[in-house]
Structures are given as structure tokens and as C-alpha cells.
Amino acid sequence: MATLLVTHPDCVLHEISPDHPECPGRIGAILDQLKKQDLFDYCLHAEAPLAEREQVLLAHEPAHVENVFASSPTIGSVSLDADTAMNPHSLTAALRSVGGGLLATDAVLNKEADTAFCLTRPPGHHAEFDKAMGFCFFGNVAIAARHAIQQHGLERVAIVDFDVHHGNGTEDIVDGDAKILFCSSFQYPLYPGAYRSNVDNQRVNVPLKSGCQSAQFRDAITATWLPALDAFQPELIIVSAGFDAHAEDPLAGLLLADADYLWITQQIREVAMRHAGGRIVSMLEGGYALPALARSASAHVRVLMGMD
């Protein structure tokens, strides 16, 4: 399978603060591991373009978008909330993250690639319709899903989010959209601390307790996500790929292993093969223990490439 790897040097320039866990080194760690595992050279490659303001508005109210643009500093740092700050490069990086998802979606739906992985930052799944939060400025996956529907005419897009933190922003943006199914697994209680009840063909939230290990995680996904995805029959699957449920990650208490990211990607790929012609667009979210992040993301990409 031809897998497109989308990234851009601008995404390394964004920094919330020195020693912040959502750090520039995350991208380099994954790239190094992809090269170490001889995956990098077998990918197709593209640089993430800058999204247009109108494209960001697919998922956000104008006041929020204007606030992010207006807050961008020329020097120093500006905080948008307790967890989310901008340096002079953050706005450009955020627009590259959105643009990378749009480019990847176009490439997969135009049959220029079978699957895609967007190695960009900042992440996006905590950014709500009207505000930035949780290291996130814009809803990258939600924007990509709306783009697939509006520009490519898709009727059913599934977003699956296995980050250890609930994708509250994605949930907030796509709530009530009959063309989007949102599936999220996450540690609860943990930031952001709340989630909405499940709705058939709309939302499948799977809260997991601290200490959850591989078997419980796999059982939960098998019992909830997979039948919901099969019933929905998505024409495209977009992945919020967070790797911070790993046992080595410092920000949470789930105990997943590298093999679990390979397994869940296999499950997603099988659903995509049954219903979506194998079409998957994946976008990086969390993951803060750099060695575990790099190994897990590489396992994820390996499956997207059809190599496992």
C-alpha cells in the first residue's frame, strides 16, 4: 500500500514553553525511528501546506479563528489558556497541521495514496468550536472530515481517536453531524474530565480506568468501536493517533504496549478495507515519552503501509 508521509520543518519551530512535554523533539524522534526501521524511504512524501483561514472555518467559529491569528506574537510567548501558548512560529505550525490533513485527505480520496500519516504538530483534538485548549489550536481531524464531505462528496466519515485523553474538541465540533461517526477511547477521569453520552451512528465514547492493560483495552475496542464502525460503513477513516496511553508515558496511567498500537491500527485497517477501499488518513496527537512514541508511531505507520 502506498502511504503518504506529510510533515514540514515549520512544525518543529512551535514550542509552548521550554521542557513542555508537547515538544519539538517529538517529530524528530518519530522520523528517526521510521528511518531506523527502513520505513521512511518506502513512503511517499509531501510537505504540509499552509491552510487558508476559510478552511479553518470548516470547524470553528470566526471569533475563535480571529483570536488565534490576532494573538500570534512577534516575540516571546502568549498564553491562550493554562495549557496552550503560542510563540512566533505557532500560528504557522498550526496552519501547517491543518493543511497537512487537508493535503492527505485529498491525496487519499484522489487515489494518489492509499493511506496517509500526518507527522505534524501542534495536535488538534482538544480544540473546541470556539476555543483553543489542551496544547491544541485548531481541530485538525474535524477540519479534514468536513473537507472530505464538502469537497469530495462523502456521506460517511469515521473519526477514531485512541489518544489517552478524550477528544473533546473533535466531539464538540462534529456533535450532531449525521455524516460523521466519532469513536474515542481514553482514560477517565483524566483531562479534560468529561465526555458526552453515546449516540448510535454518532458517538462511541469508551472510558478506561487507570491501570488498564492490553487485554481490557482490546476487549473494549472489540466490543464497542468495531461493531459501530461496521454498522456505519465509513467511506473514509480519519485517525487521531495519540500514543500517550503507552505504559511509559508520563502524563497518564494506561498501560498499553507497542504491540497494542500495531493491533488497533490493524483493526482500523480491516474496517477500512471492508468499507472504505482501505482509505485512512492518520494525524499525530499525543505521546510524550519519546522512545515509546517513536516505536508506537512506527508500528502504526508499518500497518498503514500494509507491512503487518
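Laid out as a table, the results:
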item	result
Inter-residue pairs, beta-carbon under 6 Å, first without any contact (Cβ under 8 Å) to a residue 60 or more places away in the chain and farther than 25 Å from G278 by Cα and in the stretch 1-20, second of a type in the set (G, A, S) and surrounded by fewer than 16 Cβ atoms within 10 Å (Cβ to Cβ), 6+ apart	none
Selected residue (only one of D114, D163 is more than 17 Å from the chain's Cα centre (by Cα) and either within 23 Å of Q266 (Cβ to Cβ) or surrounded by fewer than 20 Cβ atoms within 10 Å (Cβ to Cβ) (or both))	D114
Number of positions in the stretch 132-183 that are without any contact (Cβ under 8 Å) to a residue 40 or more places away in the chain, assigned to a loop (DSSP other than H, G, I, E, B) and either under 11 Å from I238 (Cβ atoms) or among the hydrophobic types (A, V, I, L, M, F, W, C) (or both)	1
Filter result (more than 19 Å from the chain's Cα centre (by Cα) and assigned to a loop (DSSP other than H, G, I, E, B)) within the stretch 232-249	Q233, A247, E248
Candidates E61, E128 - the one that is under 16 Å from the mean Cα position of the chain (by Cα) and surrounded by fewer than 24 Cβ atoms within 10 Å (Cβ to Cβ)	E128
Residues being of a type outside the set (S, T, Y), surrounded by 14 or more Cβ atoms within 10 Å (Cβ to Cβ) and either under 19 Å from I268 (Cα atoms) or modelled with pLDDT under 95 (or both) - total across the stretch 209-219	3
Residue satisfying condition, being touching a strand residue (DSSP E or B) at 6+ places or on another chain (Cβ under 7 Å) and not small (G, A, S), within set H45, H14	H45
Yes/no for D244 being touching a helix residue (DSSP H, G or I) at 6+ places or on another chain (Cβ under 7 Å), surrounded by 18 or more Cβ atoms within 10 Å (Cβ to Cβ) and in contact (Cβ under 8 Å) with a residue 40 or more places away in the chain	no
Failed item in (1) in a loop (DSSP other than H, G, I, E, B); (2) surrounded by 18 or more Cβ atoms within 10 Å (Cβ to Cβ); (3) not aliphatic (A, V, I, L, M), with P189 passing the rest	(2)
Boolean, A299 is within 17 Å of the chain's Cα centre (by Cα), in a helix (DSSP H, G or I) and more than 30 Å from I149 (Cα to Cα)	no
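Residue by residue, here is whether (1) free of Cβ contacts under 8 Å to residues at least 40 places away in the same chain; (2) farther than 25 Å from A145 by Cβ; (3) outside any helix (DSSP H, G or I) holds:
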position	(1), (2), (3)
R218	no, yes, no
I221	no, no, no
P227	yes, no, no
D230	no, no, no
G253	no, yes, yes
L262	no, no, no
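The values are calculated or read from the model by the stated rules, or taken from the named source; none is laboratory data. All of these numbers come straight from a predicted model, not from anything done at the bench. Here Cβ is always computed from backbone atoms with ideal geometry, including for glycine, and neighbour counts include all displayed protein chains.
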